[in-house]
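Here's the structure, in structure tokens; my notes come after.
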Amino acid sequence: MQLSCSTLRRAAIAAAPALALSAAPSPAAAGIEEHEAAYVFRFFSDSDDVSVVSNGGDYGMTLSGNAAFDLEWKRETVIVPGVDAVPGTTEAADAITAASRPIVGANAAFEEFRKSRNELEGGVRWKGLTGGYYVSSEPDYFAQQVSGSASRVFFDDVTLSIGGAYGWDRIEPLADDDGLAAEDSKSTRHVNVIATRAFTPTTEVQAGAELTHVEGLQHNPYRNVYVDGGRIPELHPDSRSRRNAFLKVNQYLMNRSAARVSYMLYDDDWGVSSQTVNASLHQYVTEPVRVRYHYRYYTQNAADFWRDEYTEAGGVGGLRTGDYRLSAFSAHLLGARMTWDLGRPFGVEALNGVRLSFEYERYFNTHNFSANLFESGITFTF
Amino acid sequence: MSRRTALSFAAARRTALAAALLAGALVSAGCAHVRAYEREYLQDPIMSLADEAKESKDNLHWIEAREGSTGGAGAAGGGCACN
């Protein structure tokens, strides 16, 4: 029965975009000013030979009366290669211990593992109010979230926005020889306040703060760590309060380009604090072609209970982790994006409102981890 | 009340205060207002923070799955088995 419910959920999410498109009202009937439909393909691969293939679609309508509706669907498939080591060796045992995937049987660790996720997100906007609903389904994870925000303009040039979200997730681990396979749940509460102000005719500044509180299962149910010479499942606290504040400066430059710099400070009650600096240059190469060059620097310290090796039984206060994201490290990201409005140069009526986009990003960190992300998309506005 | 819960309330109060101060400073800094007819450059597509937030949302999703922090986009991401 459990399996059939999960299958039904996945099928419903997969079929929703087609149902939504077929139910879309005619422009005359609903006062629709503009439609926009987009398809996006992403391919991610990293230095551990993990790859993610993502296909997504987006359909939006701008309605009369300053209202809009948007529906986004995405399907991601994660492909994790088998352990590349001789069975029975220390290298193979270490790889299996640290694996963040389920392993059943002696040979499964040496075989490829695939997992897909379907995701659907809908949003409405009316004047300064927005509302949204998100649902995603994986074989071992089902997540839902509702969100909303309200924004208002003060003193002609200051926009103040307040937003919130509540998410509730159900975790149903797959069979795993050495993991904690019990069903569990997780809930997330999020609030944010963002102020945006035009300082000069060419300068805009945005400042914001966010609070997120997470309750429930927050470790990987499949991952193990070495503790006091033995191998036991990872265990993180079941509560985490996270907060951040950020500042963005957006400057128009007179050669038809814009520069953007942002800084974010983050900390949480697990002891992780981080700083992020983003810098980007946006430029018109020709009238229909825009490019964006992007650099991001990120640095964080380790969580209180992170250790390279655990020597005490049970870990640190009963907590232990094999998640490198809770260790101290720094990371760099470099990227470029090109957007091309096809209709303008060719003067072909059928191409009006057609836009292509391409993006490449290279990520690397001080753990010798690196990744490449390629994205391409096509958008139709009609 | 546990120590962690007490800490999180204190952290929430400090963050709310910092946000209020930041927003207040942003609102009150400078006297000159930018009029609607002076916003030609601010409304150019390459200056759109909203468009960038939408483009960045999916990329943030895969970055955050590989780092310990979260946020900066002004919205919460939906859940996934990214642990």
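Working note: Karplus 6.51/-1.76/1.60 with θ = phi - 60° gives region A:233-246 the couplings x, 4, 8, 9, x, 9, 9, 8, 9, 10, 8, 8, 9, 9 Hz, where Gly and Pro are set to x. Note on A:Gln275/A:Thr89: beta-carbon distance plugged into 1/(1 + (r/R0)^6) with R0 of 41 Å gives a FRET efficiency of 0.55. The fraction of Cα-Cα pairs per 10 angstrom bin, counted from 0 for chain A, comes to 4, 16, 29, 29, 15, 6, 1, 0 percent, rounded to whole percents.
Taking amide H as placed 1.01 Å from N in the peptide plane, the amide H of A:Phe329 sits under 5 Å from that of A:Gln300, each at least 5 places away or on another chain. FRET efficiency for the pair A:Ser376 and A:Arg231, taken as 1/(1 + (r/R0)^6) with r the Cβ-Cβ distance and R0 = 41 Å, rounds to 0.45.
Note on A:Val261/A:Thr366: beta-carbon distance plugged into 1/(1 + (r/R0)^6) with R0 of 25 Å gives a FRET efficiency of 0.60. Considering only C-alpha atoms, what is the centroid distance from region A:319-366 to region A:235-306, in Å? Using only Cα atoms, the two centres lie 14 Å from each other. Shown here for region A:135-176: chymotrypsin sites (Phe, Trp or Tyr not before Pro) in loop regions (DSSP other than H, G, I, E, B) with at most 16 other Cβ atoms within 10 Å, namely A:Phe155.
Overall, the ratio between the Cα radius of gyration of region A:259-304 and 2.2 N^0.38 Å, rounded to two decimals, is 1.68. Counts of other chain beta carbons within 10 angstrom of each beta carbon in peptide A:206-214 average 6. Each Cα pair under 8 Å and six or more residues apart adds its separation to the average, and for chain A the resulting relative contact order is 12 percent. A viscosity of 0.890 mPa s and a temperature of 25 °C, combined with the Kirkwood radius over C-alpha pairs in the Stokes-Einstein formula, give region A:102-242 a diffusion coefficient of 133 µm²/s. Loop-located GluC sites (Glu not before Pro) in region A:270-378 (DSSP state not H, G, I, E or B) with no more than 10 neighbouring Cβ atoms inside 10 Å: A:Glu309. Length gained on full extension, A:Asp238 to A:Ala350: 34.9 nm, using 0.36 nm per residue less the C-alpha separation. Across region A:171-277, counting alpha-carbon atoms alone, Rg and Dmax equal 20.9, 64 Å.
Considering only Cα-Cα distances, which of the following residue pairs are longer than 25 Å: A:Lys186/B:Lys57; A:Lys115/A:Lys248; A:Lys74/A:Lys248? Flagged as over cut-off: A:Lys115/A:Lys248; A:Lys74/A:Lys248. Residues A:Met254, A:Met338, arranged from fewest to most other Cβ atoms within 10 angstrom of their Cβ, appear as A:Met254, A:Met338.
Radius of gyration over Kirkwood radius for region A:107-187, both on Cα atoms: the Rg/Rh ratio is 1.22. Cα-based values for region A:224-382, radius of gyration first and Dmax second, are 22.2, 72 Å. Compute the helix-to-body angle for A:2-22: its Cα long axis versus the longest principal axis of chain A, expressed 0 to 90° and rounded to tens. The answer is roughly 10 degrees.
Laboratory data are not the source of any read-out in this text; all were calculated from the coordinates shown. This one's a predicted model, so the numbers in the text were calculated from it and none came from an experiment. Cβ: placed from backbone, ideal geometry, glycine included. Neighbour counts: every protein chain shown.
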